[in-house]
1. Could you work out the Rg to Rh ratio of segment 114-344, with Rh taken as the Kirkwood radius (inverse of the mean 1/r over all Cα pairs)?
2. Give the residue from ALA80, GLY33, PRO112 lying farthest towards the positive end of the charge dipole for the chain; charges sit on Cβ (+1 for Lys and Arg, -1 for Asp and Glu) and the dipole is referred to the Cα centre.
3. Of LEU124, GLY245, ILE322, which is farthest along the charge dipole of the chain in the positive direction, counting Lys and Arg as +1 and Asp and Glu as -1 at C-beta?
4. Mean residue ellipticity at 222 nm from the helices of the chain, using -39,500 (n - 2.57) per DSSP H segment of n ≥ 4 over the full residue count, to the nearest 500 deg cm²/dmol?
5. Percent of accessible area on the chain owned by carbon and sulfur, 1.4 Å probe?
6. Rounded to the nearest whole Å², what accessible area per residue is found for segment 114-344 with the 1.4 Å probe?
7. How big is the charge dipole of segment 18-109 about its Cα centre, in debye rounded to the nearest 20, if each Lys and Arg gets +1 on its Cβ and each Asp and Glu gets -1 on its Cβ?
8. Specify which residue in the list GLN215, ALA187, PHE227 is farthest towards the positive end of the charge dipole of the chain, using unit charges on the beta carbon of Lys, Arg (+1) and Asp, Glu (-1), about the Cα centre.
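The values are calculated or read from the model by the stated rules, or taken from the named source; none is laboratory data. Because the structure is a prediction, the values reported are computed rather than measured. Here the Cβ is made from the backbone with ideal geometry for all residues, glycine too, and neighbour counts use every protein chain on show. The accessibility values were calculated without ligands, DNA or RNA, using every heavy atom of the protein model including side chains. Shrake-Rupley method; radii C 1.70, N 1.55, O 1.52, S 1.80 Å.
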Amino acid sequence: MSSMLEQLAQLKVKALAELAALATTDETRSWYGTVLGRKGELTALLSGMMQLPKEERPAVGKLANEIKAELEAALQERQAAIALEEMTQALSAEHVDVTLPGRRPQIGAYHPTTTALREIVDILVQMGFQVYDSREVESDDMNFGLLNFPPGHPAREMQDTFFTTNPDVILRTHTSPGQIRAMREYAPEPVRLIMPGKCYRNEDVTARSEMMFYQVEGLVVGRSITFSDLKGVLLNFANQMYGEGRKIRFRKSYFPFTEPSVEMDVDCILCGAKGCRMCKYSGWLEITGAGMVHPVVLRNGGYDPAEFSGFAFGMGIERQAILKRSIDDIRYFYDNDVRFLERIA
Ligand code: PHE
């Protein structure tokens, strides 16, 4: 009998000592299983109780219940202490100093070409033009032949071309081939389109020319389109793009696909036409080439030139950004120097 009571007392001492040494909640769970669980040490010990004389059993049972209650209370206390310790550790490990200054995110900006392109497109769309997407890889015929550049014509040399291994497949040197594509798609309906996009020229890269650049082509074809319509559109454009009260002028020029052909200038926005470095002391800035669509081109596009007339213009996008933002070198645009992009944005 005494041995059973002693064994219970020993179990209690041993279990309390083990409990005191535990460090984690998980360990207390397995301690519970080993000591107090259904297959634990206390149960194992008490299974011997049936062998005891009847009169000894109550004392053993009583002690066993006391020890069980005591160990359970000790477990709860230990678990609470461990939980507190774990929480304290987690709090200090995950500590966030809300008073630290935040990290400023790097904010991107639109590329100056994108900004200029959007300004130009917005102005023209608001005047009633629709955007037409044409392709960058073109046939020689679309880029030159159908635009009234005869083979071997010196005007082809104005636009040094990038060829592919197939000499009939080239990178467009201007957005004008879009005129033919659009006309062929819409003839004989009237059209009022702008065609923005990349162009390529096999030229030496200088402050004034890049191998890749953007243009916006404008094309209007209808039944009584005149040069006055062209002038009205370009004057309106100049006033919206470069400020109210702009003066414009036309200089005669030559393009195989327009007749007559002109270059349009706007009075220098930097010096007010007094003469400065930007306008090369002329007082004028060249904005765009333009003209009345050549009858041959109208016919190639599917319109009868006896019934239809039209005008077209083609302007460089980077050039508009250069003028508006006083940038002095086109090479900055695609060098990807972030300092330039940040300064100009
Ligand atoms: N395509 C011409 C160029 O790249 C510009 C232009 C377009 C001129 C339309 C007249 C009419 O220089």
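1. On the way: Rg = 17.4 Å, Rh = 18.2 Å.
Rounded to two decimals, Rg over Rh is 0.96.
2. Among ALA80, GLY33, PRO112, the one farthest towards the positive end of the dipole of the chain is PRO112.
3. Working it through, the farthest residue towards the positive pole turns out to be GLY245.
4. For the chain, the value works out to -13000 deg cm²/dmol.
5. Values: 10340 of 19290 Å².
Of all accessible area on the chain, carbon and sulfur atoms account for 54 percent.
6. Numbers: 11020 Å² over 231 residues.
It amounts to 48 Å² per residue over segment 114-344.
7. Details: 10 positive and 14 negative charges, 66 e Å.
In debye, rounded to 20, segment 18-109 gives about 320.
8. Result: PHE227.
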